[in-house]
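So the structure is just underneath, and the comments pick up after that.
The values are calculated or read from the model by the stated rules, or taken from the named source; none is laboratory data. Just so it is clear, the model here is predicted, and its values are computed rather than measured. Cβ atoms come from the backbone with ideal geometry, glycine included; neighbour counts cover every protein chain shown.
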Amino acid sequence: MRSDSLPVFRRFDPDSEGAALADFLAGDVWPFHAISQVDRSDVYRPVEEGLYDNTYWIEVDGERAGIVRLFDLDDDTPMFDLRISAPHRGKGLGRAAVQWLTDLLFGEYPHVERIEGTTRQDNLAMRRVFRRCGYVKEAHYRRGWPDASGHRYDSVSYAIIRHDWQTGETTVPDFHDE
Ligand SMILES: CC(C)(COP(=O)(O)OP(=O)(O)OC[C@H]1O[C@@H](n2cnc3c(N)ncnc32)[C@H](O)[C@@H]1OP(=O)(O)O)[C@@H](O)C(=O)NCCC(=O)NCCS
């Protein structure tokens, strides 16, 4: 852990923290998301509609440094969105967050068999986080990720399976089966 202090994962309260979430999302640039500059006013409705019900702040020394939003929790393959604010990137928080959410999902949700995440091919930090946390690349979507200007990037999907989480093994996909 390269951050000076250990992160705390605290559940986001949709009833009282919508404005804080809007400040957080609109206060940074998210270069690898489809919408890189979030408008504050676009945050409130999704919060009211429950999209952020399973979201956690990543706090360092009492400061909001990031968020983890978990979704599709009823499914056997939930997914997540992870965002660390620019001043806190590159200090180990991304890796700590993925380890934390992986333990949470396999530990507290017995029906979960896999956890999946997709990112843009050039998001090297996120890809490194996946690999360091035991996730394995399962898919490569050529030109599958258009940005706001229409430029199409490749995207890549990673997943971890419960068996690997339990055993520490790495099961690789049977890609060359043709
Ligand atoms: C992607 C993101 C979650 C990674 O979290 P982070 O806290 O910055 O990354 P960490 O400090 O945990 O670094 C994890 C690994 O990636 C490497 N890394 C970090 N930034 C990197 C970069 N820009 N390029 C290449 N590798 C990088 C680190 O060296 C580390 O490798 P190591 O474990 O071998 O030392 C974070 O940068 C972020 O929120 N970015 C903006 C939002 C985003 O892209 N979210 C993901 C959308 S799918």
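Between Val47, Val68, the distinction of being in contact with a Ser or Thr (Cβ under 8 Å, 6 or more places away or on another chain) and surrounded by 19 or more Cβ atoms within 10 Å (Cβ to Cβ) belongs to Val68 only.
Among the candidates Arg120, Arg127, Arg95, the residue that is out of contact with any strand residue (DSSP E or B) (no Cβ under 7 Å at 6 or more places or on another chain) and under 25 Å from Ile35 (Cα atoms) is uniquely Arg95.
Val112 satisfies every condition listed in (1) surrounded by 19 or more Cβ atoms within 10 Å (Cβ to Cβ); (2) over 20 Å from Ala65 (Cα atoms); (3) within 11 Å of the ligand (Cβ to nearest atom) except (3). Kindly establish whether Asp61 is under 20 Å from Pro14 (Cβ atoms) and either of a type in the set (D, E, K, R) or modelled with pLDDT under 95 (or both). Criteria not met by Asp61. For segment 24-51, the candidate set comprises residues that are aromatic (Phe, Trp, Tyr) and assigned to a loop (DSSP other than H, G, I, E, B); within that set, the residue that is nearest to Val156 (Cα to Cα) is Phe32. Going by the structure shown, is Ala148 modelled with pLDDT under 95 and outside any strand (DSSP E or B)? Spelling it out, Ala148 is indeed modelled with pLDDT under 95 and outside any strand (DSSP E or B). Segment 52-103 holds strands (runs of 3 or more DSSP E) entirely within its bounds, and those carrying 2 or more residues that are away from the ligand (no atom under 11 Å from the Cβ) and touching a Lys or Arg at 6+ places or on another chain (Cβ under 6 Å) map to 55-60.
Could you tell me whether segment 120-130 includes any residue that is more than 15 Å from the ligand (Cβ to nearest atom) and in contact (Cβ under 8 Å) with a residue 12 or more places away in the chain? Among the residues of segment 120-130, not one is more than 15 Å from the ligand (Cβ to nearest atom) and in contact (Cβ under 8 Å) with a residue 12 or more places away in the chain, which makes the answer no.
State which residue is nearest to Phe106 (Cα to Cα) when the search covers only segment 131-178 and only residues that are of a type in the set (Ser, Thr, Tyr) and free of Cβ contacts under 8 Å to residues at least 12 places away in the same chain. Within segment 131-178, the match that is nearest to Phe106 (Cα to Cα) is Thr167. Test Val136 against the criterion of being modelled with pLDDT of 95 or more, among the β-branched types (Val, Ile, Thr) and away from the ligand (no atom under 12 Å from the Cβ), and give yes or no. Here the answer is yes, as Val136 does meet what is asked.
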